[in-house]
Amino acid sequence: MSLDVSPQLLAEAENGEVREQDFVETARTSLPYAYDLIARLAEELRSGTAEFADNQTPPPSEKERGQLLRALSSDAIRGSLERHFGIVLAFQNCHRVAAFHSEARGSATHTRFTSPRAQILNQSPEFRDC
C-alpha cells in the first residue's frame, strides 16, 4: 500500500470528496522520507536563485526509496504535493527529483531536465535495479 489511510479519511472518501489538506497529511505521515525531501527541495527553491532545486543523494535504504517511488508514481499524491508546495516536480531516476517554480513547466530548463537526453545522461549501472 502507498498510504496508511485512517478510518475517518476512508469514510470521508466513501461519502464524497476528500479535502486535499487531509490527503496531503496522510501522504506526509505515510511517506515521511518522500514528503520531507520534497519539502526541503521546495524550501531550497524558494530561498535560492536557481531555476530548480534537485536531489542527487540516494535514499538511505530501500524503504525510503520505495516511499519516493510511490509518491512520485501516483498522480494523486504527486499532484497534491505539487499544489501543496506550489511547485512542479520532475523525476529522472530512483532518487533524482527536482522542484521547479510552478510557472517553469515547459520552460527551456524544465524541458531540458525532463528530456530523453537528460534521462539517458542521468543513468548509470547502479541505477538499474533501483
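The values are calculated or read from the model by the stated rules, or taken from the named source; none is laboratory data. This is a predicted model, so every value here is computed, not measured. All Cβ positions, even for glycine, are placed from backbone atoms using ideal geometry, and neighbour counts span all protein chains on display. Accessible surface areas use protein heavy atoms only, side chains included; no ligands, DNA or RNA. Shrake-Rupley method; radii C 1.70, N 1.55, O 1.52, S 1.80 Å.
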Quiz item: Assigning unit charges at the beta carbon (Lys, Arg +1; Asp, Glu -1) and nothing else, what dipole magnitude in debye, to the nearest 20, does the chain show about its Cα centre?
Solution: 520 debye
Self-check item: Computed FRET value (nearest 0.05) for Ala108 with Asp4, which takes r as the C-beta separation and R₀ as 41 Å
Solution: 0.55
Practice problem: Take the solvent-accessible surface of the protein heavy atoms, probe 1.4 Å, and return the percent of it on the chain that carbon and sulfur atoms account for. | Solution: 51 percent
Exercise. Would you mind calculating the relative contact order of the chain from Cα pairs under 8 angstrom and at least 6 residues apart, reporting the percent as a whole number?
Key: 23 percent
Quiz item: Given 0.36 nm per residue, what is the gain on full extension from Arg19 to Leu121 after removing their alpha carbon distance, in nm?
Solution: 32.8 nm
Self-check item: Alpha-carbon Rg/Rh ratio, for the stretch 1-70, with Rh computed the Kirkwood way
Solution: 1.08
Quiz item: Over the C-alpha atoms of the stretch 53-130, what are the Rg and the largest Cα-to-Cα span, Dmax, in Å?
Solution: 12.6, 34
Exercise. Whole number in Å², please: accessible area per residue of the chain, 1.4 Å probe, ligands, DNA and RNA not counted.
Key: 59 Å²
